[in-house]
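Take a look at the structure set out below.
The values are calculated or read from the model by the stated rules, or taken from the named source; none is laboratory data. As the structure is a prediction and not an experimental result, all values here were calculated from the model. Here the Cβ positions follow ideal geometry from the backbone for every residue, glycine too, while neighbour counts run over all protein chains shown. Side chains included, ligands, DNA and RNA excluded: accessible areas come from the protein's heavy atoms. Shrake-Rupley method; radii C 1.70, N 1.55, O 1.52, S 1.80 Å.
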Amino acid sequence: MIPRYSRPQMTAIWSPESRFRIWFEIEAHAATAMAQIGMIPKEAADNIWEKGGKAEFDIARIDEIEAVTKHDVIAFLTHLGEFIGDDSRFVHQGMTSSDVLDTCLNVQLTRAADLLLADLDRLLAALKTRAEEHKTTVTIGRSHGIHAEPTTFGVKLAFAFAEFQRCKDRLQAARKEVATCAISGAIGTFANIDPRVEEHVANKMGLVPEPVSTQVIPRDRHAMYFATLGVIASSMERLAVEVRHLQRTEVLEAEEYFSPGQKGSSAMPHKRNPVLTENLTGLARMVRAYALPAMENVALWHERDISHSSVERMIGPDATVTLDFALNRMAGVIEKLVVYPERMQANLDKLSGLHNSQRVLLALTQKGVSRENAYVYVQRNAMKTWNEGADFLGELKSDAEVAKHLTAHELDDMFDIAYHLKHVDTIFKRVFG
């Protein structure tokens, strides 16, 4: 993670200070549970909380110890012992490093998910507000980048709202999936620790006990989590690409807010570039890239190895920090998006009503014309508009085959824009309830 694409609340979750504080809480809660069931003296557990709770962990000191031990958890426990004294012998009783590391990682991932869910709420609110604002703002829909049939800009945003609502549902499920705790000792058999300790720690850390761990928490849970982040990033990119296309000079139906004093180019003073959504496209690529190594982490050797460890030290912070930044940037883009309804109408009118071709086609079939012949009649007139700039409605009225079946008045009615928008209310009710 780099400061340029980071927000303080999310980076704080992954700081060494936060990590070591979570490690301490896991160890201290475990000590409390051990004291309750008679594994260690109650006075020792109280002392662990008293002295460890007040400790200001020295990152440099832990690094110094680790340089000798080559083991991060032992380095931390050694440093913790410098505060606690003799009772430090009761810390980590029957536990293994993975109990601390895996439980801590899941605490961090659930806290990160909570921030990401708040980010999604901000984006959803922005999309809903702008969708309602432009519920009846008519624009041309495009397939393959080519004019198709009319829609509204509000419907476009409603589509994005529904997609990000699904993203939120998936993230809530992924958060639940990863919110497990393992305090089960070597190989996960509880040989040297009581399962009640795990239950206590899980409850205190906002997790649930892992039903069966193999010294490590199964990594299919984490694969699901990071894959979900990748899907959210893909949805974000879809919306970013839409804004980028709409901002093209030839289209210019919407554009990112261009603030006073902003510069678009070091060479060309006239430029107003979609830099935010281009940036979001790039950030989405990175978040998706973290999903694959998370999936590769699932297949560990036997009960455990640590091939997953180096991966998670990178992708945990990087994926969550990057997506947190990106979602907030996307929300800001939508909140301030500049929309040009007049330009939308001008683009809609460019092809002289070609967007009504399907309605004319269907009307001809209702009059008894075969679909194949109806298609030929409509297409040959449409091509005159494409190739010569002819008026589509006028050409249809002048076509003898069409005129046999449809009157000029009927054709005029088929070019009423309201026909395409009659179910917008239904769509909005489905999306927003």
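The lone criterion from (1) exposed (fewer than 13 other Cβ atoms within 10 Å of the Cβ); (2) under 28 Å from residue 152 (Cβ atoms) left unmet by residue 368 is number (2). Within region 115-159, being within 28 Å of residue 9 (Cβ to Cβ), open to solvent by 30 Å² or more (accessible area, probe 1.4 Å) and more than 19 Å from the chain's Cα centre (by Cα) holds for one residue alone: 129.
Consider residue 248 carefully, then state whether it is over 17 Å from the mean Cα position of the chain (by Cα) and more than 30 Å from residue 345 (Cα to Cα). Criteria not met by residue 248.
For region 67-76, residues that are in a helix (DSSP H, G or I) and either in contact (Cβ under 8 Å) with a residue 24 or more places away in the chain or among the acidic types (Asp, Glu) (or both) total 3. Restricting attention to region 213-237 and to residues that are touching a Ser or Thr at 6+ places or on another chain (Cβ under 7 Å) and either open to solvent by 50 Å² or more (accessible area, probe 1.4 Å) or polar (S, T, N, Q) (or both), the residue that is modelled with the highest pLDDT turns out to be 213. One residue stands out among those in region 1-40 that are modelled with pLDDT of 95 or more, within 30 Å of residue 282 (Cα to Cα) and β-branched (Val, Ile, Thr): the one that is most open to solvent (accessible area, probe 1.4 Å), which is 11.
Can you name every residue in region 41-67 that is open to solvent by 20 Å² or more (accessible area, probe 1.4 Å), of a type in the set (A, V, I, L, M) and touching a helix residue (DSSP H, G or I) at 6+ places or on another chain (Cβ under 8 Å)? Walk me through it before giving the result.
Step one: list which residues in region 41-67 are open to solvent by 20 Å² or more (accessible area, probe 1.4 Å), which gives 41-43, 46-47, 49-51, 53-54, 56-61, 63-64, 66-67.
Adding the requirement that they be of a type in the set (A, V, I, L, M) leaves 59-60, 67.
Across region 41-67, the qualifying residue is only 59.
Check region 328-335 and report whether any residue there is assigned to a helix (DSSP H, G or I), within 30 Å of residue 121 (Cβ to Cβ), under 15 Å from the mean Cα position of the chain (by Cα) and of a type in the set (A, V, I, L, M). Yes, the conditions are met somewhere in region 328-335. One residue is enough: does region 95-114 have a residue meeting the conditions within 30 Å of residue 349 (Cβ to Cβ), of a type in the set (A, V, I, L, M, F, W, C) and crowded, with 18+ Cβ neighbours inside 10 Å? So far as region 95-114 goes, no, none of its residues is within 30 Å of residue 349 (Cβ to Cβ), of a type in the set (A, V, I, L, M, F, W, C) and crowded, with 18+ Cβ neighbours inside 10 Å. Residues of region 328-352 that are farther than 16 Å from residue 157 by Cβ and either at pLDDT 95 or above or surrounded by fewer than 19 Cβ atoms within 10 Å (Cβ to Cβ) (or both): 328, 329, 342, 343, 345, 346, 347, 348, 349, 350, 351.
Filtered by the rule that a residue be assigned to a helix (DSSP H, G or I) and open to solvent by less than 30 Å² (accessible area, probe 1.4 Å), region 283-308 gives 283, 284, 287, 291, 294, 308. Among the criteria (1) open to solvent by less than 10 Å² (accessible area, probe 1.4 Å); (2) within 30 Å of residue 116 (Cα to Cα), the one residue 317 does not fulfil is (1). Among the residues of region 238-251, at least one is at pLDDT 95 or above, part of a helix (DSSP H, G or I), closer than 30 Å to residue 298 by Cβ and open to solvent by 10 Å² or more (accessible area, probe 1.4 Å). Residues in region 386-433 that are in contact (Cβ under 8 Å) with a residue 12 or more places away in the chain and in a loop (DSSP other than H, G, I, E, B): 389, 390, 391, 399, 405, 406, 414, 415, 417.
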